[in-house]
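Below is one structure; the comments refer to it alone.
The values are calculated or read from the model by the stated rules, or taken from the named source; none is laboratory data. Just so you know, these numbers come straight off a predicted model, no measurement behind them. Cβ placement follows ideal geometry from the backbone for every residue including glycine, while neighbour counts extend to all protein chains displayed. These accessible areas exclude ligands, DNA and RNA; they are computed on the full protein's heavy atoms, side chains included. Shrake-Rupley method; radii C 1.70, N 1.55, O 1.52, S 1.80 Å.
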Amino acid sequence: MSTAGKVIKCKAAVLWETKKPFSIEDIEVAPPKAHEVRIKMVATGVCRSDDHVVAGNHHTPLPAVLGHEGAGIVESVGEEVTSVKPGDKVIPLFCPQCGNCRICKHPEGNLCVKRFTCKGKSIYNFMCTSTFSQYTVVDEMAVAKIDGASPLDKVCLIGCGFSTGYGSAVKVAKVTPGSTCAVFGLGGVGLSVIIGCKTAGAARIIAVDINKDKFAKAKELGATECINPLDYSKPIHEVIQEMTDGGVDFSFEVIGRIDTMMSSLLSSHAACGVSVVVGVPPHSQSLSVNPLLLLLGRTWKGAIFGGYKSKDSVPKLVADFMANKFPLEPLITHVLPFEKINEAFELLRSGKSIRTVLTF
Ligand code: CND
Ligand code: ZN
Ligand code: ZN
């Protein structure tokens with residue numbers, strides 16, 4: 001029985017208020033309008049950015065269906081949709097690509113300006129995806145068709161964590177062969193930065209985390225040294241400067257804290273270092289910086305979604321995964337049925353998981 005054109009009743013995890021668990025509710029998903037695509041979700045990862053909303057660090061109108069790291073199959077499409085059709089395997093894009101705005105036409109920029117409005121209402125980017133639901137509707141510019149043979153319970157990580165980390169190394173920082181890197185934060189995104197640094201040929205990759213249980217996996221994926229700031233009496237950037245003759249070539253903050261963003265910046269070499277902000281800072285917190293930190297030659301930058309133009313790059317990243325150019329399996333420590341979403345968030349908060357994939 002075809003569901004096309006009809007309202008679909010299904011289960012979704014609704015966040016009613018911050019600092020509360022998700023509740024699995026019956027919701028109604030309207031058919032896709034013109035330029036929209038309705039997707040049957042198959043798998044979704046749980047990223048710290050979702051938890052920033054739950055924790056109240058990132059404001060968004062509630063109640064809401066969160067989730068931005070999913071993969072699924074197109075159920076039906078609205079009028080004028082040309083890039084996907086029912087039955088296609090797809091990844092929703094939390095950082096869409098309209099193809100026509102100033103940023104989409106810019107050779108490097110990827111933060112499509114069209115994403116800031118949705119039906120005339122201001123919304124946060126991950127709300128373009130809402131993957132914590134059996135069905136979701138997204139704009140055509142926020143969905144990419146991928147290889148029909150790809151395993152959705154793995155490539156969902158290409159929807160955020162993997163691409164964000166990997167691209168931050170290979171595309172944003174442009175890590176060079178033989179270079180020295182430091183990665184602050186060894187969650188799913190930080191470990192993907194390490195995979196990117198290794199792929200780019202970095203000679204040394206210094207992994208930094210206050211949870212030493214993360215070190216084994218970091219080493220498995222390419223870290224050459226692992227250090228815990230709690231083991232030192234001096235600031236960790238001084239330790240890294242001493243280890244690296246004045247600082248690393250490339251440093252990455254992949255935690256989402258103001259203090260570690262400064263440590264990461266100071267860990268990069270004052271004259272030639274490049275420091276990339278990947279973590280999402282708590283809202284309304286700012287850093288004050290002595291311009292001398294940049295005057296001597298450092299570069300400080302940041303990017304969302306690894307700097308990738310999403311609709312163009314996601315199918316290519318999936319193809320690269322299918323060609324064994326990088327692994328995703330080591331990032332997936334837990335697989336749970338969608339209904340156990342609160343357990344998945346507890347695993348993330350307790351530091352026991354890297355990525356939990358929820359399956360529908
Ligand atoms: P996750 O929570 O899995 O990893 C963070 C890691 O940082 C953990 O291993 C912690 O132990 C570690 N950590 C926490 N505090 C400290 C500290 N003071 N010093 C050293 N290490 C510490 O998070 P994730 O990997 O899912 O995400 C990481 C960040 O990236 C997070 O802020 C998330 O919101 C952000 C992000 C950014 C983007 C983007 O497009 N730029 C996309 N998705 C996620
Ligand atoms: Zn994310
Ligand atoms: Zn655009």
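Among the residues examined, Val143 does not qualify as aliphatic (A, V, I, L, M), farther than 30 Å from Ala223 by Cα and open to solvent by 40 Å² or more (accessible area, probe 1.4 Å).
Is it the case, given these coordinates, that Asp249 is more than 19 Å from Phe321 (Cβ to Cβ) and surrounded by fewer than 16 Cβ atoms within 10 Å (Cβ to Cβ)?
no
Test Val193 against the stated conditions and say whether it is within 16 Å of ligand 2 (Cβ to nearest atom), modelled with pLDDT of 95 or more and open to solvent by 10 Å² or more (accessible area, probe 1.4 Å). For Val193, the condition - within 16 Å of ligand 2 (Cβ to nearest atom), modelled with pLDDT of 95 or more and open to solvent by 10 Å² or more (accessible area, probe 1.4 Å) - is not met.
Scanning segment 1-54 for residues that are under 30 Å from Ser284 (Cα atoms), open to solvent by 20 Å² or more (accessible area, probe 1.4 Å) and among the hydrophobic types (A, V, I, L, M, F, W, C) returns a single hit, Trp16. Please specify each residue of segment 262-320 satisfying the condition of being touching a residue at least 40 places away in the same chain (Cβ under 8 Å) and hydrophobic (A, V, I, L, M, F, W, C). Answer for segment 262-320, where residues must be touching a residue at least 40 places away in the same chain (Cβ under 8 Å) and hydrophobic (A, V, I, L, M, F, W, C): Val274, Val276, Val278, Val280, Ala303, Ile304, Phe305, Val314, Leu317, Val318, Ala319.
For segment 146-188, a residue qualifies if it is open to solvent by 10 Å² or more (accessible area, probe 1.4 Å) and on the phi > 0 side of the Ramachandran plot, and the qualifying residues are Lys174, Gly178. Listed here are the strands (runs of 3 or more DSSP E) enclosed by segment 133-245 that have at least 1 residues being free of Cβ contacts under 8 Å to residues at least 60 places away in the same chain and touching a helix residue (DSSP H, G or I) at 6+ places or on another chain (Cβ under 7 Å): 204-208, 225-227.
Kindly establish whether Thr82 is exposed (fewer than 13 other Cβ atoms within 10 Å of the Cβ), closer than 19 Å to Ile146 by Cα and among the hydroxyl-bearing types (Ser, Thr, Tyr). For Thr82, the condition - exposed (fewer than 13 other Cβ atoms within 10 Å of the Cβ), closer than 19 Å to Ile146 by Cα and among the hydroxyl-bearing types (Ser, Thr, Tyr) - is met.
Close contacts from segment 337-360, counting a first residue that is more than 16 Å from ligand 3 (Cβ to nearest atom) and a second that is among the acidic types (Asp, Glu), with Cβ to Cβ under 7 Å and a gap of 6+ residues or different chains, come to Phe345/Asp51; Leu348/Asp51; Arg349/Asp51; Gly351/Asp213; Val357/Asp153; Thr359/Asp153.
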